[in-house]
Amino acid sequence: MSANTVLANAKDVDSYAVSHLIAIDKALTDTISNTAKNGAPPIAVSPTQGKFLSLLTRISGAQNVLEIGTLGGYSSIWFARSLKAGGKKGKVTSVEVLEDRRELAMQNLRNAGVKVPEEAEVLLGAGLEVLPRLLAEIEQGKRPKFDFIFIDADWENQWNYFDYGVKLSKGPGSVILIDNAVQKMLEDGIAGQGKRREDAISVVEKVGQDRRVEAVLLQTLGAKQHDGFLMALLV
Ligand SMILES: C[S@@+](CC[C@H](N)C(=O)[O-])C[C@H]1O[C@@H](n2cnc3c(N)ncnc32)[C@H](O)[C@@H]1O
């Protein structure tokens, strides 16, 4: 079977599964169209991935979700709703470097019935500037630690965000998920046919050496291209 057929079949399977497993939700579809109207690229997680994230959040019993990379708030809405559905009193804290995207995300969250900032807050700034501030606030007892961390911003900093994620987490039982881990590996030539970039950092290798976590890489294929999540459990 050619690679094109595999991809076409994967898209077909994804649409079929979405039509049976994920209810049509105007707030979520509006979020996608508002984000496109704002000129932002179509790089939110897919509906299947959004539901997967929301179920994982509930399975893990997470109370406070940290997301790095908000875009228009699509995945933030999935997280906020899953906390509510699980009866959790915590919130989603999402970090976005672009001011117009932060505004858009807050508008989309409100349209989806999520209270901002009580149920979801969107912090403005580069991840590596905001995360140390969050750590200081946690150490000062001003905010709770996180138990679910979703890394979905600039790929160059995946490892830095992961390392911060461990420090910002509640510890054993907390979950860290890195999106686009497979695309980043392929882009850097860490696996696959491409030539390895000399300064490439393999987040898979770094996480594999990290005794604070147990981790796995799960490849995905569906509405989006071949990609995958790196998932780690704090131990
Ligand atoms: C893939 S999108 C996030 C998608 C979102 N999680 C979703 O699924 O709906 C990545 C976002 O990260 C933001 N970003 C890029 N570099 C960043 C940084 N250094 N700090 C924080 N956000 C950043 C981008 O502006 C973009 O909106």
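The residues in region 46-80 that are out of contact with any helix residue (DSSP H, G or I) (no Cβ under 8 Å at 6 or more places or on another chain), outside any helix (DSSP H, G or I) and of a type in the set (S, T, N, Q) can be counted, and the count is 1.
Which ones in region 30-72 are within 7 Å of the ligand (Cβ to nearest atom) and closer than 19 Å to Leu134 by Cβ? Residues satisfying the conditions are Glu67, Ile68, Gly69, Thr70.
Which ones in region 1-31 are of a type in the set (Val, Ile, Thr) and farther than 30 Å from Ala80 by Cα?
So the first thing to find is which residues in region 1-31 are of a type in the set (Val, Ile, Thr), and the list is 5-6, 13, 18, 22, 24, 29, 31.
Hits for region 1-31 are Thr5, Val6.
For region 78-100, a tally of residues being within 9 Å of the ligand (Cβ to nearest atom) and in contact with a Ser or Thr (Cβ under 6 Å, 6 or more places away or on another chain) returns 3.
Scan region 196-214 residue by residue and report those that are buried (at least 19 other Cβ atoms within 10 Å of the Cβ) and assigned to a strand (DSSP E or B). Passing the criteria: only Val213. Here region 1-45 is the region considered, the condition is being outside any helix (DSSP H, G or I) and polar (S, T, N, Q), and the residue that is surrounded by the fewest Cβ atoms within 10 Å (Cβ to Cβ) is Ser2.
Of everything in region 175-203, what is more than 18 Å from Phe52 (Cβ to Cβ) and either under 15 Å from the mean Cα position of the chain (by Cα) or in contact (Cβ under 8 Å) with a residue 60 or more places away in the chain (or both)? Give them in sequence order. Spell out the reasoning first.
Taking region 175-203 first, the residues more than 18 Å from Phe52 (Cβ to Cβ) are 184-203.
Passing the criteria: only Lys184.
None of Gly61, Gly50, Gly72 is at positive phi and out of contact with any Gly (no Cβ under 6 Å at 6 or more places or on another chain) except Gly61.
What number of residues in region 174-226 are aliphatic (A, V, I, L, M), more than 16 Å from the ligand (Cβ to nearest atom) and more than 27 Å from Phe79 (Cα to Cα)?
So in region 174-226, the residues aliphatic (A, V, I, L, M) come out as 175-178, 181-182, 185-186, 190-191, 200-201, 203-204, 207, 213, 215-218, 221, 223.
From what's left, more than 16 Å from the ligand (Cβ to nearest atom): 185-186, 190-191, 200, 204, 207, 213, 215-218, 221.
Filter once more, keeping what is more than 27 Å from Phe79 (Cα to Cα): 186, 190-191, 200.
Number satisfying all stated conditions: 4.
Rule-based calculations on the coordinates, nothing more; no lab input. Remember, predicted model here, so these are calculated numbers, not experimental data. Positions of Cβ are backbone-derived with ideal geometry, glycine not excepted, and every protein chain shown enters the neighbour counts.
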